[in-house]
Ligand code: C2E
Ligand code: MG
Ligand code: MG
Ligand code: MG
């Protein structure tokens, strides 16, 4: 069953594949999975995972929220298996709302304890295109007592391929609320760089493919250097994705302010586990034994 799904995805995601002998089976499989996902979202089968983003000293300074689906028969599913389906079927809207609710819930609870850990959430273009996206988000921030400035919305470059004017307007309105924006998988899209000057962007995430090849490939290393330069000249925060080795981390450790995210520092894990450890390892700024307390 999984094989049919994989084959279909390899065949090009949402492209139409003509006269594929697996097509009938695949369509049925897809439909079943879509029904399962709809039901799963309602039944509370989604899980919020977090992956740390660390500074040059390896300290966790923020984290990215990543969805998982605890399927009753198939086990814990990775987003690559169901996000494309969720996008095509419209289920990305309830899924995306659930993620934002969870993340804002954590931000609000941390805030109530006087603690702040900025969290990033992936937003799919379709989710962002909903006319009431901003309104709902503002309402959610208020309800959960979360600081807008602690929430980073991650988009891929594809979000600016269509209707740029509207995207700019929407982002600007959300930026006025204090929300921050990150360009995910930076360098892999085919859009022009001009959006960097028109959009209220705060962060670039250098795609894993460049990070992983840079130690052995001069052209990847050059592109990483160029992306770091763009980020620092434009005063954007930068995150290196997919850092797995010490060698890769050396590309970023000496770059002021660069953050790193990858298996070298921590895999995605259930939110409560990462947050419990972060709370234990860090000290509240107003606690008597805080290092920088008067
Ligand atoms: P992404 O936003 O680029 O997230 C980073 C992906 O890289 C994550 O995969 C993460 O587990 C993986 N990763 C992190 N460090 C390493 C590393 O050192 N090596 C390798 N090989 N991989 C690493 P994950 O969790 O499977 O998510 C895949 C994609 O699914 C995400 O890519 C994102 O585009 C999408 N996604 C995940 N959660 C959501 C969500 O809530 N909403 C939406 N719209 N998309 C989501
Ligand atoms: Mg991301
Ligand atoms: Mg990414
Ligand atoms: Mg990526």
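The angle between the Cα long axis of helix 79-89 and the longest principal axis of the Cα atoms of the chain comes to about 60 degrees, rounded to the nearest 10.
Could you list the residues of region 110-127 with an amide nitrogen less than 15 Å from a label point located 7 Å from the Cα of residue 61 in the Cα-to-C-beta direction? Counting only backbone N, you get 116-120.
Would you kindly calculate the translational diffusion coefficient of region 84-205, applying Stokes-Einstein with the Kirkwood radius from alpha carbon pairs, for 4 °C and a viscosity of 1.567 mPa s, and quote it in µm² s⁻¹ without decimals? Write out the running numbers ahead of the final one.
Values: Rh = 14.8 Å.
This corresponds to a translational diffusion coefficient of 88 µm²/s.
Just need the relative contact order of region 130-192 here, percent rounded to a whole number, with Cα pairs under 8 Å and 6+ apart.
Values: 50 pairs, mean separation 28.0, N = 63.
Over region 130-192, the number comes to 44 percent.
Between region 120-198 and region 212-228, the C-alpha centres lie 27 angstrom from each other. Normalising the average separation of contacting C-alpha pairs (under 8 angstrom, six or more residues apart) by the number of residues puts the relative contact order of the chain at 17 percent.
With r defined as the distance between the Cβ atoms of residue 88 and residue 112 and R0 fixed at 30 Å, what FRET efficiency is calculated, to the nearest 0.05? With a Förster radius of 30 Å, E is 0.20. Roughly how tilted is helix 164-176, in degrees to the nearest 10 and between 0 and 90, from the longest Cα axis of the chain? The angle comes out at about 40 degrees.
Sorting 194, 232 from the fewest to the most surrounding beta carbons within 10 angstrom yields 194, 232.
Using the Cα atoms of the chain to build a convex hull, what is its mean projected area in square nanometres? Display every interim value, and only then the final one.
Values: hull surface 69.5 nm².
Approximately 17.4 nm², given one-decimal rounding.
Taking the number of Cβ atoms within 10 Å of each Cβ as an exposure proxy, the fewest-first ranking of 93, 135, 203 is 135, 93, 203. Under the criterion of Cα pairs below 8 Å and six or more residues apart, the relative contact order for region 207-287 equals 25 percent. Would you mind checking the tilt of helix 133-144 against the longest principal axis of the Cα atoms of the chain, expressed as 0 to 90 degrees and rounded to 10? Helix 133-144 sits at roughly 50 degrees to that axis.
Considering only the Cα atoms of region 92-137, their convex hull presents on average a projected area of 3.3 nm². Per-residue ellipticity at 222 nm computed for the chain from its helices equals -14000 deg cm²/dmol, with DSSP H segments shorter than 4 residues left out and the rest contributing -39,500 (n - 2.57). The fewest-to-most ranking of 183, 83, 123 by surrounding Cβ atoms within 10 Å reads 83, 123, 183.
Throughout, read-outs are computed from the coordinates displayed, never taken from laboratory work. Note that the coordinates shown come from a computational prediction; the quantities given were computed from them, not determined experimentally. Heads up, the Cβs are rebuilt from the backbone with ideal geometry, glycines too, and the neighbour counts pull from every protein chain shown.
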